[in-house]
1. Based on what the data block shows, is LYS272 open to solvent by 60 Å² or more (accessible area, probe 1.4 Å) and within 24 Å of GLY316 (Cα to Cα)?
2. Can you tell me which of (1) part of a helix (DSSP H, G or I); (2) free of Cβ contacts under 8 Å to residues at least 60 places away in the same chain is the one ALA298 doesn't meet?
3. Enumerate the pairs (first residue in region 31-43 and more than 17 Å from THR3 (Cβ to Cβ); second residue anywhere and open to solvent by 60 Å² or more (accessible area, probe 1.4 Å)) with beta-carbon separation below 9 Å, excluding pairs fewer than 6 apart on the same chain, so at least 6 apart or on different chains.
4. Return the residue satisfying two criteria in turn: it lies in region 317-326 and is over 15 Å from THR51 (Cβ atoms) and open to solvent by less than 50 Å² (accessible area, probe 1.4 Å), and of such residues it is farthest from the ligand (Cβ to nearest atom).
5. VAL69 versus (1) under 16 Å from VAL173 (Cα atoms); (2) within 20 Å of the chain's Cα centre (by Cα): which is the lone unmet condition?
6. What pairs can you find where one residue is in region 236-251 and under 15 Å from GLN314 (Cα atoms), the other is assigned to a helix (DSSP H, G or I) and β-branched (Val, Ile, Thr), and their Cβ atoms are less than 8 Å apart, with a gap of 6+ or different chains?
7. When the residues of region 187-210 are narrowed to those that are modelled with pLDDT under 95, within 10 Å of the ligand (Cβ to nearest atom) and of a type outside the set (S, T, N, Q), which ends up farthest from VAL90 (Cα to Cα)?
8. Restricting the search to region 88-102, which residues are within 15 Å of the ligand (Cβ to nearest atom) and under 22 Å from CYS151 (Cα atoms)?
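The values are calculated or read from the model by the stated rules, or taken from the named source; none is laboratory data. What you see is a predicted model; the values in this text were computed from it and never measured. Cβ: placed from backbone, ideal geometry, glycine included. Neighbour counts: every protein chain shown. Calculation scope for accessible area: heavy atoms of the full protein, side chains included, ligands and nucleic acids excluded. Shrake-Rupley method; radii C 1.70, N 1.55, O 1.52, S 1.80 Å.
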Amino acid sequence: MATAIHNTFHIPATANRYVEYTSVEELQDIIPTLQGRPFLHIGGGSNLLFTRNYEGTIIHSRILGAETVEEDADTIQLRVGSGEVWDDFVAHCVSHGWYGAENLSLIPGEVGASAVQNIGAYGVEAKDLIDEVECIDLVTGEWRVFNNSQCNYAYRSSIFKHEMKGRYAVVYVDYRLSKHFRPKLEYGNLSTYLEGKDVTPATVRQAIIDIRRSKLPDPEVLGNAGSFFMNPVVSIEKYEEIRREYPDVPHYDVPDGVKIPAGWLIEQCGWKGKALGRAAVHDRQALVLVNLGGATGAEVLHLCHTIQSEVSRQFGIDINPEVNVI
Ligand code: EPU
């Protein structure tokens, strides 16, 4: 019988078969049953858009726990099960005096996905903390460890999302945290937000939580998958062209050009807060598409395509989903 699949967009979707595993051995027992048919490994369902039912097996890690691998006066290395909830891990680190993850507070999803997606926010990315990613080959069942540089990390991207897509299941992620608190407050309005307050790991975590809650819709109330699009990187010439017309265009210099927030582009195109059927652009952050209630995946995808054409027509820039469209 088909199983309903949890996703934070609240799109009704089923899979022919849904299996969870709580250990590497359990996963290795499942692997032979997958061969020759489609399968998809998911995390917490917070970065998925189902446009159809999944005709195959969906696999999900329930490997839990965090253990200390090594520790000295300055750093600690932790090995964390891929099924742990990401924000529980961040809270655990902050409360134990291990730092580096606090700017990634309240990101939905699980530890395994942090390594696949290279989740990022407020000037920090998961790759800044990851030492090694332990995987199981979903064809052979063999264990393989990728060190940080072998993961080919880039903005919201990794070897697991591209070159090796679908080949490996992440079972453990090894993170290195610092025992010395060095706040990173350069991004956006973070330092303004903390003005007049003590800057401690707990206040930074709380500031991030407050800022996210003020902009991003709660998936329990309004189905969504966080940022729907990635921020595009454009050439310096393109950026200059936009700046002539919009002198205040927000931008970040990156090694291969200039990053322009997709939310800003979408807002300039007049789409912020607008709906198309039961799918809409969030009214406080145009990068987020929401399910107003009862939307199908096809409706959300139609909104996505409409926005992409509009941004391309008005700015000559292609924006691409960061959400995994199934
Ligand atoms: N902006 C607008 N209109 C909008 C949204 C944004 O003009 O509707 C402008 C803002 O004024 C600001 C700039 O765009 O100048 C950047 O906005 P924001 O700080 O909200 O960040 P973002 O680039 O839209 C990215 C991440 C978020 C992350 C924030 C903070 C991506 C795809 N998204 O959004 O990640 O929380 O930065 O670091 O890179 C997620 O991945 O799900 C996510 C929420």
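1. yes
2. With (1) part of a helix (DSSP H, G or I); (2) free of Cβ contacts under 8 Å to residues at least 60 places away in the same chain applied to ALA298, the lone miss is (2).
3. From residues that are more than 17 Å from THR3 (Cβ to Cβ), the pairs are ILE31/VAL139; ILE31/THR140; GLN35/VAL139.
4. By that ranking, first place goes to ILE317.
5. (2)
6. Final answer for the pair search is VAL249/ILE242.
7. Across region 187-210, the extreme among qualifying residues is GLY188.
8. VAL90, ALA101
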